[in-house]
Structure formats: C-alpha cells, structure tokens
Amino acid sequence: MSKADSSQYDMLTTPITTPHFQSRVIAQLSNHLEALRSHPNLSPPTLPELSPVDSSLSPGEVISQLLAVASPWIDLCSPDPLVYNISRQVLDLEIAYAAFCGIGNIIIPGPKLHHGKLHGEGVTQYAYAIQEALAIGNYIQVQIWLPMIDHSADGEDVEGSLTPFAREEYVGAQEESKPNRSDIFGTWDAWNIIRSVCKHNARLFVGKNTEIHSLLFTSLREILLRSLSRTVHFLDTGTRRQSMTHT
C-alpha cells in the first residue's frame, strides 16, 4: 500500500481467489462430468469452503482500501445448469469471503451474452446470481463490469473459463463461421434486466469499458446518454493507463 501511495495510484484491485482455487474447481467439475456418464442422475457437487491457499486476502487495516475482482472465468449465463450451478457457488464463496475480510467494493464481470447460436438467454439467471451475491455481502457495493456495446468478438473466453465445459445438448452445435456482429444496446438491455431483478438495489452499480473507435458514430450520443445516465462508477475508455494489482 505504501508503494501505491507513493506512486499516486488512485485505486488498487485484487483478485479474491487464486489460480489454485480455479484449478480445484475445474478438477471437481471435470470429475463430475466424467461420473455423469455412468450415473446421469448425480446431483451437482458442492464446492468446499475456501482454504488458505485459495485466496491471498485476509482481514487487516488496508483491506477496505482494495477493490476486489470476482473470478472472470466463471459463467453465470451458461445454458448448462451444471456450469451455472458451479459458477454460482464460486461467486457465493468469493463474496462471502470478501465480506468476511472487510472488502467494501467488488467488481463482477458482466454477463456472457454469446453461447454458440444463443444470444442473451442467460441474463436473467445471471441477475438472480447477482441478487444472491448482494444478499450474502449485505454491505458490499457491487460493480457490474460491462462493455459499452455488445459485440460478439468480445465474448472470447478467458484462460481456464468454465464456458467450454457446457454440454452440447444445452449449447447446441457451434456455427462453423460466425461473423462478428454488434448490438449497440445489447449490454444496456442486459444491465436493465439485472438492475430490475435486483429491484434497483442501492449497492448495485455499473462500470463501462469502451474503445471509443468501436462505437458507431451515429449512435454514440444515444449510447452515452443511456449508459451515463445510470449509476456508472467506472468508465474505461481504452486509452493508455497504468494499474497496480495487490497480491
């Protein structure tokens, strides 16, 4: 923290969990999918509580100055109920532990709107997961991190994502060649669903990430008016910037 202060950083971010936790979740999900081949009626596995190696966070004097980031590799919009169940457990564990440590603000990556030929079908279930997270961390402010516009090219999975574990019977066959397309109001509509399901919770905010050149000029004014008239806490314009992550 002293190094950050001397460097005049305005904000420090930190992941809530470690790669060890991610590996443990992926292994448990993989083992369960394998077991389903011979026992198709198995109930989803229950993730154990976080262990010391699953997070670098701990209660302390500086913890409230950190902005925690939930795992970007979960998929709360997955059409596969198993992947959704595991993703929701991950988020619940992270929110509960962050609240225990004294974190006051958490960034949660926005909904993944593209799954094969499916588009936007999982936003409502994502919203219910956020509603549950707000109840678990009953004083934490939650920022939903969304791009300014919905562009199919932005839906690429992060390393170690749970998205590819979704079974074909839920996702459907992948398209051989899917052209990139943009829905200029797609993420605004998703945010509108999320905040409505969460009953306009006063601790729920939106952060916007945009490359200005990627917006359609004729619609730029209307997009900005819609987005910036809401509870936007962060705006990332894609310009050169520095960041420091607490570990």
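Values as computed for the structure displayed
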| quantity | calculated |
| --- | --- |
| Meets criteria (at pLDDT below 95, touching a Ser or Thr at 6+ places or on another chain (Cβ under 7 Å), of a type in the set (A, V, I, L, M, F, W, C) and crowded, with 22+ Cβ neighbours inside 10 Å) for Leu76 | no |
| Yes/no for Val62 being modelled with pLDDT of 95 or more and among the β-branched types (Val, Ile, Thr) | no |
| Qualifying residue in the range 87-94 (condition: touching a Pro at 6+ places or on another chain (Cβ under 8 Å) and buried (at least 21 other Cβ atoms within 10 Å of the Cβ)) | no |
| Cβ pairs under 8 Å, 6+ apart, first in the range 15-41 and over 15 Å from Ile74 (Cα atoms), second small (Gly, Ala, Ser) and assigned to a helix (DSSP H, G or I) | none |
| Verdict on Glu94 being assigned to a helix (DSSP H, G or I), more than 23 Å from Leu33 (Cα to Cα), acidic (Asp, Glu) and within 13 Å of the chain's Cα centre (by Cα) | yes |
| Any hit, the range 133-156, residues being out of contact with any strand residue (DSSP E or B) (no Cβ under 8 Å at 6 or more places or on another chain), surrounded by 14 or more Cβ atoms within 10 Å (Cβ to Cβ), at pLDDT 95 or above and in a helix (DSSP H, G or I) | yes |
| Candidate set from the range 43-91 (those that are outside any loop (DSSP other than H, G, I, E, B) and hydroxyl-bearing (Ser, Thr, Tyr)); member that is nearest to the chain's Cα centre (by Cα) | Ser87 |
| Among residues of the range 1-42, those that are among the polar types (S, T, N, Q), at pLDDT 95 or above and in a helix (DSSP H, G or I), counted | 5 |
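Per-residue answers, yes or no, for (1) surrounded by 15 or more Cβ atoms within 10 Å (Cβ to Cβ); (2) modelled with pLDDT of 70 or more; (3) in a helix (DSSP H, G or I):
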position	(1), (2), (3)
Val158	no, yes, no
Pro164	no, yes, yes
Tyr170	yes, yes, yes
Lys178	no, no, no
Ile193	yes, yes, yes
Ala202	no, yes, no
His213	no, no, yes
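The values are calculated or read from the model by the stated rules, or taken from the named source; none is laboratory data. The model shown is predicted, which means the values in this text are computed figures rather than measured ones. All Cβ positions, even for glycine, are placed from backbone atoms using ideal geometry, and neighbour counts span all protein chains on display.
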